[in-house]
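*Asks:* First the structure, which I've put down as structure tokens, then a few questions once you've had a look.
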Amino acid sequence: MEDWRRIDIDAYDPDRGLTEEDLRPAAAPVTSQEVSTKAQQVRTLSGRGSFGDSLAYALTDPPYGADEGSKALYLSSVLEALQGVKQSEIPEVVKSLDRDQQDALIKVIYRGMETKDGQKQGGLLLSWFDKTIEVTGNGPIVRYMSDKRVL
Amino acid sequence: MSPVQYNLITAPIYDHFFTQNGKLLAITNGNNVELYDVSGPKPKKLTVLQHHDKPITAIDISADGKIVTCSQDRNALVWEPLPSGEYKPTLVLLRINRAATCVKWSPNGLKFAVGSGARAIAICYFEEENDWWISKHIKKPIRSTILSVDWHPNSVLLAAGSADGHVRVFSTFVKSVDAKPAPSVWGERLPFQTLCGDYLTASGGSWIHDVAFSPSGDSVAFVGHDSTFGVVSPSDDPQVPGEFSSVPTNFLPFKSILFANEHKVIAAGHDCHPVVFEQTGSGWAQTAAIDDPKTAKRNEVHQQSALNMFRQMDLKGGSPAEGSSSTLLTIHQNTINKLRPYAGTGNVTRFSSSGNDGKVVIFDV
């Protein structure tokens, strides 16, 4: 028994293992219809130039329970709103959001960094990230990492 | 009073305690427990409890002076003090196949609970007939490692925080040991392994690093890896929903909590200094910080010697930036692992902390 550490002892445990379903939180399902309405509303608000309102609206109850396609649609609408805000106004916009919205903002920024569209705006996302964390502290990063509800 | 600090070892201290009169300090150091006499100006090492063969993860002392240790070697030991000042270890077979992570004596000192990575809590009690410690398992519905346990004042109910994100309250009623407990907000009939409460935060559950019953036992506070502090209090009326409040903070996650009194909790962890949460009219909120780095002055900057500068250059490959230093502004230089009450009954006025920096510090609330 040289490599006894490699034996999968859990295989002998009758009630072994967590399935992915066990770890997934019960996020309320959101239909693609609802998400596209939300994205549309975000775009309308951004179109009027009130990016702060647009972000506050977008980051309230983010569609955690939606399918991947709808999430991409939602994400692109939020990214557009992020682009609209002037660099110098970012701290004020962040301060006007409540704590849950700030947490959601960090999640959107991280998610944006994973996508092709977001990577084209790398500098923008980084500066949003930087300025958000300056306002909020480390809490939203920790919550992004530990939260099982993903965008 | 300014905080008292003991620099004891150069390894992490996972757990510590002072004995009732504050003269004796016990800390974990790798596979051993070290006992220090701290009545003099300098801590003096008295004895080393040596029997585990993997690092000790938690220690606790009962009201009658028995020490219990649990370790990654999957065992727990009960150390009984002998008149000579030595301690006699007794092995407790926990029957778990993963490391033991936390241990707590029940307030009456008749039982202790050991949390483990085997998705089980072992409730251990002494059986006179066999002259042997027995362990009974609580397994359902735990889905992951138990990271923390805490006892209700009635020594029957046990709160457990788990890596699956749940805070649970179990009954540990053992017929031969316990008298029937008085009904409480947690329930009336309580056979062994009854699940009296099960709470999950909205985020789907991050690791629950620590749980604590309030002094009255009517609510449970917890801290999670998502930097939140939460309190649950069920109501005795089944028609009225209980209270569940969770306070997200902008600190790094907390590792340990301590009720100073029914309305005040001290928490500490990866931010290396304790903070205070208080219950106000509108719920729980963070109200103060102890040893706050924001108000601390960095006074060693001016004393930076040439030697120190070259050492920094050697270690970090560059000269240190103006005003920066390798030390933190807090007393603890690394994560705080454990808080324990030090003085004050009913209302804790001083408490002690131990951390990964090998320090034990006594703070004022």
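The values are calculated or read from the model by the stated rules, or taken from the named source; none is laboratory data. This one's a predicted model, so the numbers in the text were calculated from it and none came from an experiment. So basically every Cβ, Gly included, is an ideal-geometry build from the backbone, and we count neighbours across all protein chains shown. With ligands, DNA and RNA removed, areas are computed over all heavy atoms of the protein, side chains included. Shrake-Rupley method; radii C 1.70, N 1.55, O 1.52, S 1.80 Å.
*Asks:* Does the stretch B:248-255 contain at least one residue that is open to solvent by less than 20 Å² (accessible area, probe 1.4 Å), within 14 Å of chain A (Cβ to nearest Cβ) and outside any loop (DSSP other than H, G, I, E, B)?
*Replies:* yes
*Asks:* Another question, if that's okay. Taking the stretch A:100-111 on its own, how many of its residues are open to solvent by less than 30 Å² (accessible area, probe 1.4 Å) and either β-branched (Val, Ile, Thr) or more than 20 Å from residue A:53 (Cα to Cα) (or both)?
*Replies:* 3
*Asks:* While we're looking at this one, here's another question. Considering only residues that are open to solvent by 100 Å² or more (accessible area, probe 1.4 Å) and either more than 9 Å from chain B (Cβ to nearest Cβ) or at pLDDT 80 or above (or both), which ones fall in the stretch A:17-33?
*Replies:* Across the stretch A:17-33, the qualifying residues are A:20, A:21, A:29, A:33.
*Asks:* Return a yes/no flag: does the stretch B:219-231 have any residue that is modelled with pLDDT under 90 and surrounded by 16 or more Cβ atoms within 10 Å (Cβ to Cβ).
*Replies:* no
*Asks:* With in contact with a Lys or Arg (Cβ under 7 Å, 6 or more places away or on another chain) and more than 25 Å from residue B:154 (Cβ to Cβ) as the only criterion, which of B:77, B:49, B:94, B:82 stands out?
*Replies:* B:82
*Asks:* So residue A:74 passes all but one of these: (1) of a type outside the set (Val, Ile, Thr); (2) open to solvent by 20 Å² or more (accessible area, probe 1.4 Å); (3) within 15 Å of the chain's Cα centre (by Cα). Which condition number does it fail?
*Replies:* (2)
*Asks:* Go over the candidates A:97, A:125, A:82 one by one and state the one that is within 14 Å of chain B (Cβ to nearest Cβ), open to solvent by less than 20 Å² (accessible area, probe 1.4 Å) and among the hydrophobic types (A, V, I, L, M, F, W, C).
*Replies:* A:97
*Asks:* Here is a list: B:98, B:119. Which entry is among the charged types (D, E, K, R) and either free of Cβ contacts under 8 Å to residues at least 12 places away in the same chain or more than 27 Å from residue B:217 (Cα to Cα) (or both)?
*Replies:* Among B:98, B:119, only B:98 is among the charged types (D, E, K, R) and either free of Cβ contacts under 8 Å to residues at least 12 places away in the same chain or more than 27 Å from residue B:217 (Cα to Cα) (or both).
*Asks:* For the subset of the stretch B:80-90 comprising residues that are without any contact (Cβ under 8 Å) to a residue 40 or more places away in the chain and under 20 Å from residue B:125 (Cβ atoms), which member is farthest from the chain's Cα centre (by Cα)?
*Replies:* Ranking the candidates gives B:88 first.
Residues checked against (1) among the polar types (S, T, N, Q); (2) more than 14 Å from every other protein chain (Cβ to nearest Cβ); (3) open to solvent by 10 Å² or more (accessible area, probe 1.4 Å); (4) not in a strand (DSSP E or B):
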site: B:115; (1), (2), (3), (4): no, yes, no, no
site: B:123; (1), (2), (3), (4): no, yes, no, no
site: B:130; (1), (2), (3), (4): yes, yes, yes, yes
site: B:133; (1), (2), (3), (4): no, yes, yes, no
site: B:153; (1), (2), (3), (4): no, yes, yes, yes
site: B:192; (1), (2), (3), (4): no, yes, yes, yes
site: B:199; (1), (2), (3), (4): no, no, yes, no
site: B:206; (1), (2), (3), (4): yes, no, no, yes
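*Asks:* Which one is nearest to the other protein chains (Cβ to nearest Cβ), of the residues in the stretch B:271-284 that are farther than 19 Å from residue B:218 by Cα and not in a loop (DSSP other than H, G, I, E, B)?
*Replies:* Checking each candidate, the answer is B:275.
*Asks:* If you don't mind, there's one more thing I want to ask. Across the stretch A:77-116, what is the total count of residues that are hydrophobic (A, V, I, L, M, F, W, C) and more than 14 Å from the chain's Cα centre (by Cα)?
*Replies:* Result for the stretch A:77-116: 6.
*Asks:* Select from the stretch B:6-40 the residues that are among the aliphatic types (A, V, I, L, M) and either assigned to a strand (DSSP E or B) or farther than 25 Å from residue B:64 by Cβ (or both) and list them in ascending order.
*Replies:* B:8, B:9, B:11, B:24, B:25, B:26, B:27, B:33, B:35
*Asks:* Another one. What are the pairs, 6+ residues apart or on separate chains, where a residue within the stretch B:44-63 that is exposed (fewer than 14 other Cβ atoms within 10 Å of the Cβ) has its Cβ under 6 Å from a residue that is not in a strand (DSSP E or B)?
*Replies:* Every condition considered, the pairs that remain are B:53/B:73; B:63/B:109.
*Asks:* Also: Being at pLDDT 90 or above and closer than 30 Å to residue B:253 by Cβ is the filter here, so list the residues in the stretch B:163-183 that pass it.
*Replies:* B:163, B:166, B:167, B:168, B:169, B:170, B:171, B:172
*Asks:* Sort out which residues of the stretch B:256-270 are touching a residue at least 24 places away in the same chain (Cβ under 8 Å) and either open to solvent by 40 Å² or more (accessible area, probe 1.4 Å) or away from every other protein chain (no Cβ under 14 Å) (or both), and write them in order of number.
*Replies:* B:256, B:257, B:258, B:259, B:260, B:261, B:262, B:264, B:265, B:266, B:268, B:270
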